[in-house]
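Q: Pasting a structure here, questions to come.
What follows draws every value from the coordinates through simple rules; no lab data is involved. All of these numbers come straight from a predicted model, not from anything done at the bench. Note that we place each Cβ from the backbone using ideal geometry, even for glycine, and neighbour counts take in every protein chain shown.
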């Protein structure tokens, strides 16, 4: 994944739900339902975030195909170049690994395919030869990162004023529609949370399972990371959608990114990224594998 996109997704992954106030859905898509109070919404947000972190763990039990289509735009917003990469994603000895399998929707050459296989083998050898001490250090670091994620989620729930915007049916599932606006004057407790006032959001949360189905995100002010290392400009936007897999977990289905970012002293990058995820297959148990097309059907 490209560094600029990874930067955005790393921030938003922890937040789980930062998004744009989208236009109201058509009347036919809206379901009559009682309103939720702001306290109820805040509790729902925390519950959804906890489940999302559990989904992140369970995703490691799956292999899947990730297709990323990147469009670089000129100053007038016209596409000047396109790059497409398709990868197989898997978990090897606790490390997520991407194996490139196609470029611009064409299979890799034998030479490039061999390089990808060699990369995978290096990961396997590294993990197989990992000492007990190194393994414990790695696991301790991962647990520390998870705890920081939990703390960050608590900040998200406190940093916004929430509004119940109604209910809507998405892919046959009833969802609560929640808007979040930055709380004026909020002071972040974590350094990583100081950017929260720079985003507003709309989230669609599944009513039956308290899982987020869709997030619509908008940057409403310039966000700076480090000392001029990166700047994300106002108007950048991310749409994230999830789907229910194997009746046990909710995993990414689609991410659309439109971002205007400046990296270090380089010129601005105006980029549109579209990432799709498919062919989820569980590989650590004998659970029946359900194709993603079926997984999207209502239950």
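Q: Order of 160, 186 from fewest to most other C-beta atoms within 10 Å?
A: By the 10 Å Cβ count, ascending: 186, 160.
Q: Got a sec? How would 93, 176 order by Cβ neighbour count within 10 Å, fewest to most?
A: So the ranking, lowest neighbour count to highest, is 93, 176.
Q: Mind giving me the FRET efficiency for residue 141 and residue 106? R0 is 30 Å, r the Cβ-Cβ distance, nearest 0.05 is fine.
A: 0.20
Q: Further question on the same structure: Suppose the chain between residue 92 and residue 283 were pulled fully straight at 0.36 nm per residue; how much longer would it get relative to their current alpha carbon spacing?
A: Length difference between fully extended and current span is 67.6 nm.
Q: Between residue 60 and residue 126, what FRET efficiency follows from the Cβ-Cβ distance if R0 is 22 Å, with the result rounded to 0.05?
A: Between residue 60 and residue 126 the formula returns 0.80.
Q: At what distance in nm do the modelled label points of residue 169 and residue 37 sit from each other, each positioned 7 Å from its Cα along Cα→Cβ?
A: With each label point 7 Å from Cα toward Cβ, the separation is 3.1 nm.
Q: Please rank 48, 222, fewest neighbouring Cβ atoms within 10 Å first, as an exposure proxy.
A: 222, 48
Q: Oh, and also: Hey, how much of the P(r) for the range 34-161 falls beyond 22 Å, as a percent of Cα pairs?
A: The share of Cα pairs beyond 22 Å in the range 34-161 comes to 61 percent.
Q: Given the Cα atoms of the range 102-244, and with Rh set as the inverse mean 1/r over their pairs in the Kirkwood sense, what is Rg to Rh to two decimals?
A: 1.09
Q: How high is the relative contact order of the range 117-210, in percent, counting Cα pairs under 8 Å that sit 6 or more residues apart?
A: Relative contact order, the range 117-210: 23 percent.
Q: How high is the relative contact order of the range 25-171, in percent, counting Cα pairs under 8 Å that sit 6 or more residues apart?
A: Computed value for the range 25-171: 32 percent relative contact order.
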